[in-house]
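This report refers to the structure that appears directly beneath it.
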Amino acid sequence: MKNTSLSILALASMATALTGTPATAQELERGETVLQRRRPEVEQLGVRAGTFRFLPRLELGETYDSNVFLTDRNTRSDWLFVARPSLDIRSDFSNHALNFSAAGDFGRYHRYSSENYNDYRLDLNGRYDVARETAVSGDLFHRRLHEGRSDPDVSTFGQGSASRGTFYTEPVTYYVTGGEAAVTQGFNRIRARLSGTAAHYGYNDVQTQTGKASLADRDRWEYGTALRVGYDLGTGIQPFVQGTYTRTNYQRATDFAGRDRDSNGYEAVVGTTLDLTGLITGEVYTGWLSKRYQDARMKDFSGLAFGGQLNWAVTQLTTVSARASRQIRETDTTQGGRLATSYTRTIGALGVDHELLRNLLLNGRLQWRQDDFTGINRTDNVYTAGAGATYLINRNFYLTGGYTYETRKSDVTGLDYKDNLVFLRVGAQM
């Protein structure tokens, strides 16, 4: 769902009036950001049960959405009530780890109830420390998600076809179930990690203007394996090489257009992790990626791969973060009788977090996203800017608010939009 401050100045004034406590330049831990810094006086304690801690939380609030259906014209606004419950269970072992988390994201529009959604996720992960340099880890997950109106595969309300010749009158909902297993091994300065993943995507039928439509031809299994080997130079720089193979198997032999969409994907990159005196941390990489399809009618893709994330501790109270990524995604979008094979999503984002007071955190975000389709003439550029604040009232309650502006510029007529989101939520935790 779309994310979104009411007035940051108003929140800052309220916090100053209630506390009057300026932020102090408490030392950041090496590689730590302002958001990650511990604040013992207001941090969530949870409930301890043996060697586990239970951390329940609930957020409730309202969001004003100026363009619910993300249309170019005839925009429709509404208020959205949001409830976000969550529970984290974390182990506190001297060795090994076992954690569980569950979270929901439920949205209810006041007028346009067709856009209501019920998302949730469940996750169980653990780590077994075989020896000082050897660890085995695993992760099992199950999620119910929906595709928002900004998703490339979702037609915009009242603007004709973006896929399958009609448009959806409710969110597309689907389930993702899967897991990952990995082993990490150290050899003096060399670190290696081998992992394998499997995930099943299952789509529910969706309501259209002409009735229910089946999306079963989007159901698929995605498998992957990756090997990463790095070397610690002892200077805060750890170069690495990584190779990834993915396999996509659709459950139906052909899709709605009679195509076999099974494919093989490959990615090979070189990069490095960085820890420059604790001020700049993260990793960057670049290389090559490709996707090749079983069906000769579907156009293969190959191109530059890159990505990474860097955190810069400008001061003890301010952190700047930068992120970039590029990946190939599945799609069933059509254009004038032609079918897209896939699309390449490229993302560049910049964020700033500032601790104005010990219990008042400010943030700002800028993001550019490009979806470039293979097989049809369509490129979407989405620009997002946002600002927000979180006021930590005490260890049990907090207030968060924000504002987000988003616009899409597409070379397909009718797919442009502008949207303003303003939200205010209160959170409770134990």
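If I filter segment 270-303 down to residues being among the hydrophobic types (A, V, I, L, M, F, W, C), modelled with pLDDT of 95 or more and in contact with a Leu (Cβ under 8 Å, 6 or more places away or on another chain), which single residue comes out as least open to solvent (accessible area, probe 1.4 Å)?
Top of the filtered list is 289.
So, in segment 116-132, exactly how many residues are open to solvent by less than 50 Å² (accessible area, probe 1.4 Å) and not in a strand (DSSP E or B)?
The total comes to 1.
Can you pull out every residue in segment 184-196 that is open to solvent by 60 Å² or more (accessible area, probe 1.4 Å) and either over 25 Å from the mean Cα position of the chain (by Cα) or not charged (D, E, K, R) (or both)?
Listed by number, the residues that qualify are 187, 188, 189, 190, 191, 194.
Considering only residues that are surrounded by fewer than 19 Cβ atoms within 10 Å (Cβ to Cβ) and not in a strand (DSSP E or B), which ones fall in segment 400-430?
Answer for segment 400-430, where residues must be surrounded by fewer than 19 Cβ atoms within 10 Å (Cβ to Cβ) and not in a strand (DSSP E or B): 411, 412, 413, 414, 416, 430.
Pull out all pairs, ordered by first then second residue, where Cβ-Cβ is under 7 Å, the residues are six or more apart or on different chains, the first lies in segment 123-137 and is of a type outside the set (Val, Ile, Thr) and modelled with pLDDT of 95 or more, and the second is open to solvent by less than 70 Å² (accessible area, probe 1.4 Å) and not in a strand (DSSP E or B).
Qualifying pairs under 7 Å: 127/96; 128/96; 129/96.
Quick one: residue 220 ticks every box in (1) farther than 21 Å from residue 120 by Cα; (2) at pLDDT 95 or above bar one, so which box is it?
(1)
In segment 63-88, which residues are open to solvent by less than 30 Å² (accessible area, probe 1.4 Å) and within 30 Å of residue 53 (Cβ to Cβ)?
Listed by number, the residues that qualify are 82, 83.
Only one of (1) modelled with pLDDT under 95; (2) closer than 25 Å to residue 254 by Cβ; (3) open to solvent by 30 Å² or more (accessible area, probe 1.4 Å) fails for residue 152. Which number is that?
Result: residue 152 passes all but (3).
Scan (1) modelled with pLDDT under 95; (2) buried (at least 17 other Cβ atoms within 10 Å of the Cβ); (3) part of a strand (DSSP E or B) for the single condition residue 354 breaks and write down its number.
It is condition (1) that residue 354 fails.
Residue pairs, Cβ under 7 Å, 6 or more apart or interchain, first in segment 141-155 and more than 17 Å from residue 383 (Cβ to Cβ) and among the hydrophobic types (A, V, I, L, M, F, W, C), second open to solvent by less than 30 Å² (accessible area, probe 1.4 Å) and outside any loop (DSSP other than H, G, I, E, B). List them.
Within 7 Å, the pairs are 141/123; 141/178; 141/179; 145/119; 145/176; 154/147; 154/168; 154/172.
Count, please, the residues in segment 321-348 that happen to be crowded, with 20+ Cβ neighbours inside 10 Å, part of a strand (DSSP E or B) and over 22 Å from the mean Cα position of the chain (by Cα).
So the answer is 1.
The values are calculated or read from the model by the stated rules, or taken from the named source; none is laboratory data. Note that the coordinates shown come from a computational prediction; the quantities given were computed from them, not determined experimentally. A quick note on method: Cβ atoms are made from the backbone with ideal geometry, for glycine too, and the neighbour counts reach across all protein chains shown. Areas reflect the complete protein model, heavy atoms only, side chains present, ligands, DNA and RNA absent. Shrake-Rupley method; radii C 1.70, N 1.55, O 1.52, S 1.80 Å.
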